[in-house]
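Chemist: The structure is given below, and queries will be raised subsequently.
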Amino acid sequence: QVQLVESGGGLVQPGGSLRLSCAASRIIFSIYAMDWYRQAPGKQRELVATITSGGSTNYGDSVKGRFTISRDNAKNTVYLEMNSLKSEDTAVYYCSAKWGSNWYWGQGTQVTVSS
């Protein structure tokens, strides 16, 4: 059974930083495109960042210049470095893995930005 396990969420003050991790198991990690999504209360899930199997990245407009996605294929892990956090970044963050018709999700990790 494929598993994606997110970690690194928590409470941080505005302007602070967090690094999220997502560890994958039981997939050939290197061939999968990896995404970070987030969902705030009462809002739709939105795509935050994407990294392809080749390492190309793309970001949602609201996080460009503040967030960085990266991957370590040797560790089967994708990261999301979040800087200059704002209250509107508060959400549950999910990682996903996509390859062809295969699409898997993690359980999510809460990020709360508040003073």
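Chemist: How many residues does the stretch 63-113 hold that are within 16 Å of ALA40 (Cα to Cα) and open to solvent by 60 Å² or more (accessible area, probe 1.4 Å)?
Modeler: 5
Chemist: Then there's this: What tally of residues in the stretch 61-115 results from selecting those that are of a type in the set (Gly, Ala, Ser) and in contact with a helix residue (DSSP H, G or I) (Cβ under 7 Å, 6 or more places away or on another chain)?
Modeler: The total comes to 1.
Chemist: Look at VAL48 and say whether it is in a strand (DSSP E or B) and either within 17 Å of THR112 (Cβ to Cβ) or in contact with a Leu (Cβ under 7 Å, 6 or more places away or on another chain) (or both).
Modeler: yes
Chemist: When you look at ALA74, is it within 21 Å of VAL2 (Cα to Cα) and free of Cβ contacts under 8 Å to residues at least 60 places away in the same chain, yes or no?
Modeler: In short, yes.
Chemist: Could you tell me which numbered condition THR68 fails, if it satisfies all but one of (1) in a loop (DSSP other than H, G, I, E, B); (2) on the phi < 0 side of the Ramachandran plot; (3) of a type in the set (S, T, N, Q)?
Modeler: (1)
Chemist: Among the residues of the stretch 71-87, count how many are within 21 Å of ARG26 (Cα to Cα), assigned to a loop (DSSP other than H, G, I, E, B) and touching a strand residue (DSSP E or B) at 6+ places or on another chain (Cβ under 9 Å).
Modeler: 2
Chemist: Could you look through the stretch 1-37, keep only residues that are among the small types (Gly, Ala, Ser) and outside any strand (DSSP E or B), and pick out the one that is surrounded by the most Cβ atoms within 10 Å (Cβ to Cβ)?
Modeler: Taking the candidates together, the pick is GLY9.
The values are calculated or read from the model by the stated rules, or taken from the named source; none is laboratory data. Predicted, not measured: the structure shown is a model, and the values here were computed from it. In this analysis, Cβ positions are derived from the backbone assuming ideal geometry, glycine residues included, and neighbour counts consider all displayed protein chains. All accessible areas refer to the heavy atoms of the entire protein, side chains included, with ligands and DNA or RNA removed. Shrake-Rupley method; radii C 1.70, N 1.55, O 1.52, S 1.80 Å.
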